[in-house]
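Presented below is the structure to which this report refers.
The values are calculated or read from the model by the stated rules, or taken from the named source; none is laboratory data. This one's a predicted model, so the numbers in the text were calculated from it and none came from an experiment. Here the Cβ positions follow ideal geometry from the backbone for every residue, glycine too, while neighbour counts run over all protein chains shown.
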Amino acid sequence: MSDANATDSEADADSDGDANPVAGAEGGRVPVDSGALWPGDTDDEVGLLLNWFVPEGSHVAEGDRIAEFQVEKVDVDVPAPATGTLAEVVVDEDGEFDRGDALAYVEPEG
Amino acid sequence: MTTASPDQLRRMYEDMVTARLYEERLQDEYMEGKRPGFDISTGEIPGELHLAAGQEAAAVGVCHHLRDDDTVTAPHRPHHVAIAKRVDLKRMTAEIFGRETGLCSGKGGHMHLFDPDVNFACSGIIAEGCPPAVGAGLAAKKRNTDSVAVAYLGEGAIDQGGFLESLNLASVHDLPVVFVVEDNDWAISMPKERVTRPDDGSKRADGFDMHGVRVDSDDARAVYEAGGEAVGRARDGNGPTLLEVQVHRRMGHFMGDPETYRPEEDQERAAARDSIDRLAADMREFGIDDQELEEIRDRAANRVDEAVTWAKQQPLPEPEAAHDHAFTNPPEGVTSEEPEFADSGAAAGGDD
Amino acid sequence: MSTPEQEAVGRTATMSDAMVEAVAHEMRADEEVFYMGEDVADYGGIFDSTTGLLDEFGRDRVMDVPISETAYLGAAVGAAQAGMRPIAELMFVDFFGVAMDQIYNQMAKNTYMSGGSFSVPMVLTTAVGGTYNDAAQHSQTLYGTFAHLPGMKVVAPSTAYDAKGLMHNAIRDDDPVVYMFHKRLMGIGWLPAPDGPKTPVPKEDYTIPFGKADVKREGDDVTVVTLGLHVHRALEAAEMLADEGIETEVIDLRTLKPLDRETVLESVRKTGRLVVVDEDYRSYGVTGEIISSVAEADLDSLEAVERVAVPDVPIPYSRPMEDAVIPGTDDVAEAVRSVGE
């Protein structure tokens, strides 16, 4: 099923920046997991990041819409997975990513 | 009663398969250059694209009663009707690809196909092909010819003033016009029952004292019979008909329509009611075997492939060509000089 | 593009988000506000103009209507005269033809013809613009057509910040307002916007008054006056020209009626050179109006003038031809250079 690429991902996320499979907890940061948001009914395994609505470093509340991406012709809203700081944006606007890639990381509060 | 002969079934089947394969091919061609980001303005076929898969029976069932001198107007979803009306498929395809040698020199695009050789025209504005069809009927009546006009529209369009006014004008003058309503149940995202009364659109005819018929099944043979009666009535000078046909939308309203508003069961139901399969089953009963059906399908596939291949080899128009064709050029029957009269005072309408 | 105050709000929004936010706010505040149009309920507007409104307000207040523009736009006029505050959407401005009587003979004139005893507090929202090869019946802006006819206010935002403030103002206004949103600016997934329309947008409500143009970029050499999508093309051109040493002032009209002639005039008095850029037809339109306004008020301030607009032909389908008729960034830059010589 999904997460076929989760196995070959030892958290070496900075290698080239275009493949960032979600690989569990990374120092307490919570990944914004594209796989969890992937729309049903789509054959495509590649998405396109349309918009970020908050800049890196800003405070987000769990559930806030922070970005949107597109798969095939479906637009998908991306909610913040936790309350805290948007610590790192991994996929920039207009960037392509594979299903299951982390789009960003949130550093949870407290 | 015009019952379709086996040969007629073959012809309908071939055009229906051609239209279906055409839309499926365009669907693929349209997506070229639009991945992974679906940007409507990129790729070989840009702009909106409204495909008609599932509506083929309504096209062939009526248009196969028509001659080249009969007029057809089609709406924003015109390909299947154009194919059934024998619009030049290569040049139509070139138009959709925006090429110089397209039907409209690249000016019109897929919603605005015009082919004077077979009297085919479109309007991308809902129901607005109806009045020009009435005009074609009016011209036939005034000239005492027996050509007829057919206006195609969707079921969502029967709420539009341009349609209702056209019914009245056609009826009051007994014009040779057939209005064909393709009822695919959906006006983009709006189901028929949300926006239209009555459910049976052909009842609109009652209020204008004209014939109204609904073909309640997506069945090319049934449409052919009803279409024959309507076209025959018009051709014989006995006035207009409103014909509503149940069809099925197998694709989105336009390419890019995620159809999130549409229940999955409805999509599945539409997909299961395939007028092409239905016709094939009927043809087998007439002794037309699978091999022949396959030969027809191969022929249709080749025709589509040839048209698309040819179209993609055609040149794009020059940018400056945008300035041509705003008016008929060169104009006929007018002069560029004002005459000079001896008594200029009279010509100028001065005091007497 | 955005001021420090706007930046301070922290989050950005697309133009469609900003519009919808204003509409939702007004609907919460006033039961008399409702939205109707084709595909505005479940679909959320073909151009994302009503995303999410059905969920919050239900079908009574977010109404799908029959494809009967004459009937439902006219019904909006009647409901407005009865004291409600309808927002009615014309899916594409090009479709105005089938309902123009209700728009310009009823909506726009009833206040005047009644000697002011009736008002028509409605908003007519409509999608405008080309650049995606939708051909002659789905690509026009018709800015000039609507602004020409007296009795309706006409707005055309170019950024999310402006879109929200103008929408609040439009709904609260007691007169009919035609709110023209450019498809290419909305931030729709399948019709990507240029950089620029997505701006910081305050979460609270605020209004932007009509008749106030916005100087989107300051410059001393040439004044560019424009609106809608072409604000962004002009800003891009200005960026290029700055490298060549030409400082361009870019004025976003934001509202066509009332028209902020003062801001334009002030800028031309500074630069002496005026370029007007419009995605509407060249003749009898916005470009002519702006230039004649300046000429009338202060002819001596004008040293050079040029207009960049759609030549007087319908919008062609095929890409090379559409690109040729809709002014591009290079066309704007070329015009600025030519008046700067």
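The set of residues in segment C:182-225 being outside any loop (DSSP other than H, G, I, E, B) and hydroxyl-bearing (Ser, Thr, Tyr) consists of C:Thr199, C:Thr223. The single condition among (1) closer than 22 Å to B:Thr18 by Cα; (2) within 14 Å of another protein chain (Cβ to nearest Cβ) that B:Glu264 does not meet is (1). Taking the criterion of being among the hydroxyl-bearing types (Ser, Thr, Tyr) and away from chain C (no Cβ under 14 Å), the residues of segment B:123-147 that qualify are B:Thr145, B:Ser147.
Surrounded by fewer than 16 Cβ atoms within 10 Å (Cβ to Cβ) and hydrophobic (A, V, I, L, M, F, W, C), is that true of B:Ala326? When the stated conditions are applied, B:Ala326 passes them. For C:Lys183, the conditions (1) surrounded by 23 or more Cβ atoms within 10 Å (Cβ to Cβ); (2) within 19 Å of B:Glu48 (Cα to Cα); (3) out of contact with any strand residue (DSSP E or B) (no Cβ under 7 Å at 6 or more places or on another chain) all hold with the exception of (3).
Residues being away from every other protein chain (no Cβ under 11 Å), assigned to a loop (DSSP other than H, G, I, E, B), crowded, with 24+ Cβ neighbours inside 10 Å and not aliphatic (A, V, I, L, M) are represented in segment B:67-74 by at least one member.
Name the residues in segment B:161-199 that are of a type in the set (Asp, Glu) and under 21 Å from the mean Cα position of the chain (by Cα), would you?
Residues satisfying the conditions are B:Glu165, B:Glu182, B:Asp183, B:Asp185.
Residues considered: B:Asp266, B:Asp277, B:Asp290. Of these, the only one that is surrounded by fewer than 21 Cβ atoms within 10 Å (Cβ to Cβ) and within 24 Å of the chain's Cα centre (by Cα) is B:Asp277.
Just need a number here: residues in segment A:82-110 that are within 23 Å of C:Lys198 (Cα to Cα) and more than 14 Å from chain C (Cβ to nearest Cβ).
Applying the first criterion (within 23 Å of C:Lys198 (Cα to Cα)) to segment A:82-110 yields A:85-97, A:103-106.
Narrowing the set further to residues that are more than 14 Å from chain C (Cβ to nearest Cβ) leaves A:87-88, A:90-91, A:97, A:103-106.
Counting residues in segment A:82-110 that are within 23 Å of C:Lys198 (Cα to Cα) and more than 14 Å from chain C (Cβ to nearest Cβ) gives 9.
Here is a check on your reading of the model: is C:Val9 part of a helix (DSSP H, G or I), more than 16 Å from C:Pro86 (Cβ to Cβ) and of a type in the set (Val, Ile, Thr)?
Values: part of a helix (DSSP H, G or I): no; more than 16 Å from C:Pro86 (Cβ to Cβ): yes; of a type in the set (Val, Ile, Thr): yes.
No.
For the residues B:Arg77, B:Arg99, B:Arg20, B:Arg86, the requirement of being buried (at least 24 other Cβ atoms within 10 Å of the Cβ), assigned to a loop (DSSP other than H, G, I, E, B), of a type in the set (Lys, Arg) and at pLDDT 95 or above singles out B:Arg77.
Taking the criterion of being in contact with a Phe, Trp or Tyr (Cβ under 6 Å, 6 or more places away or on another chain), surrounded by fewer than 23 Cβ atoms within 10 Å (Cβ to Cβ) and either more than 19 Å from C:Arg28 (Cα to Cα) or not assigned by TED's automatic domain parsing to the domain that holds C:Met167 (or both), the only residue of segment C:49-89 that qualifies is C:Gln81.
For segment B:276-291, a residue qualifies if it is in a helix (DSSP H, G or I) and without any contact (Cβ under 8 Å) to a residue 12 or more places away in the chain, and the qualifying residues are B:Asp277, B:Ala281, B:Arg284, B:Glu285, B:Asp290, B:Gln291.
When C:Val294, C:Val313 are screened for being touching a strand residue (DSSP E or B) at 6+ places or on another chain (Cβ under 8 Å) and not hydroxyl-bearing (Ser, Thr, Tyr), only C:Val294 passes. Residues of segment C:45-68 that are at negative phi, more than 8 Å from every other protein chain (Cβ to nearest Cβ) and not hydrophobic (A, V, I, L, M, F, W, C): C:Ser49, C:Thr50, C:Thr51, C:Asp55, C:Glu56, C:Arg59, C:Asp60, C:Arg61.
Across segment A:52-75, the qualifying residues are those that are within 9 Å of another protein chain (Cβ to nearest Cβ), of a type outside the set (Phe, Trp, Tyr) and farther than 16 Å from A:Tyr105 by Cβ, and the one among them that is surrounded by the fewest Cβ atoms within 10 Å (Cβ to Cβ) is A:Arg65.
All of (1) within 18 Å of C:Ala163 (Cα to Cα); (2) in contact (Cβ under 8 Å) with a residue 40 or more places away in the chain; (3) more than 13 Å from chain B (Cβ to nearest Cβ) hold for C:Asp30 with one exception: (1). Per the conditions (1) out of contact with any Ser or Thr (no Cβ under 9 Å at 6 or more places or on another chain); (2) without any contact (Cβ under 8 Å) to a residue 24 or more places away in the chain, the sole criterion not satisfied by C:Glu56 is (2).
For segment C:283-295, the criterion of being farther than 24 Å from C:Phe146 by Cα, crowded, with 23+ Cβ neighbours inside 10 Å and among the β-branched types (Val, Ile, Thr) is satisfied by no residue at all.
For a quick check of your reading: which helices (runs of 4 or more DSSP H) sit entirely within segment B:137-252 and have at least 3 residues that are touching a Phe, Trp or Tyr at 6+ places or on another chain (Cβ under 7 Å)? Reasoning before the result, please.
On the way: elements: B:161-172, B:192-195, B:220-235.
Passing ranges, in order: B:161-172.
Within segment C:55-95, which residues are of a type in the set (Lys, Arg), assigned to a loop (DSSP other than H, G, I, E, B) and either farther than 19 Å from B:Asp159 by Cβ or in contact with a helix residue (DSSP H, G or I) (Cβ under 8 Å, 6 or more places away or on another chain) (or both)? Result: C:Arg61, single match.
Scanning segment C:317-341 for residues that are assigned to a helix (DSSP H, G or I), away from every other protein chain (no Cβ under 14 Å) and more than 20 Å from C:Pro194 (Cα to Cα) yields a total of 7.
Mind checking whether some residue in segment C:291-310 is outside the structural domain of C:His148 (by TED's automatic domain parsing), under 29 Å from B:Asp324 (Cβ atoms) and either touching a His at 6+ places or on another chain (Cβ under 9 Å) or part of a helix (DSSP H, G or I) (or both)?
First pass over segment C:291-310, keeping only residues outside the structural domain of C:His148 (by TED's automatic domain parsing): C:291-310.
Of the ones still in play, those that are also under 29 Å from B:Asp324 (Cβ atoms) are C:291, C:305-310.
From what is left, the residues that are either touching a His at 6+ places or on another chain (Cβ under 9 Å) or part of a helix (DSSP H, G or I) (or both) are C:291, C:308.
Taking every residue of segment C:291-310 in turn, at least one turns out to be outside the structural domain of C:His148 (by TED's automatic domain parsing), under 29 Å from B:Asp324 (Cβ atoms) and either touching a His at 6+ places or on another chain (Cβ under 9 Å) or part of a helix (DSSP H, G or I) (or both).
Does A:Gly95 count as surrounded by fewer than 21 Cβ atoms within 10 Å (Cβ to Cβ), over 17 Å from B:Pro258 (Cβ atoms) and over 14 Å from the mean Cα position of the chain (by Cα)? Write out each step before concluding.
Working: surrounded by fewer than 21 Cβ atoms within 10 Å (Cβ to Cβ): yes; over 17 Å from B:Pro258 (Cβ atoms): yes; over 14 Å from the mean Cα position of the chain (by Cα): no.
Against the criterion (surrounded by fewer than 21 Cβ atoms within 10 Å (Cβ to Cβ), over 17 Å from B:Pro258 (Cβ atoms) and over 14 Å from the mean Cα position of the chain (by Cα)), A:Gly95 does not qualify.
Among the residues of segment C:266-285, is any modelled with pLDDT of 95 or more and on the phi > 0 side of the Ramachandran plot? There is at least one residue in segment C:266-285 that is modelled with pLDDT of 95 or more and on the phi > 0 side of the Ramachandran plot.
Hey, can you tell me all the residues within segment A:77-92 that are under 26 Å from B:Pro258 (Cα atoms) and in contact with a Pro (Cβ under 6 Å, 6 or more places away or on another chain)?
Step one: of segment A:77-92, the residues under 26 Å from B:Pro258 (Cα atoms) are A:77-81, A:91-92.
Across segment A:77-92, there are no qualifying residues.
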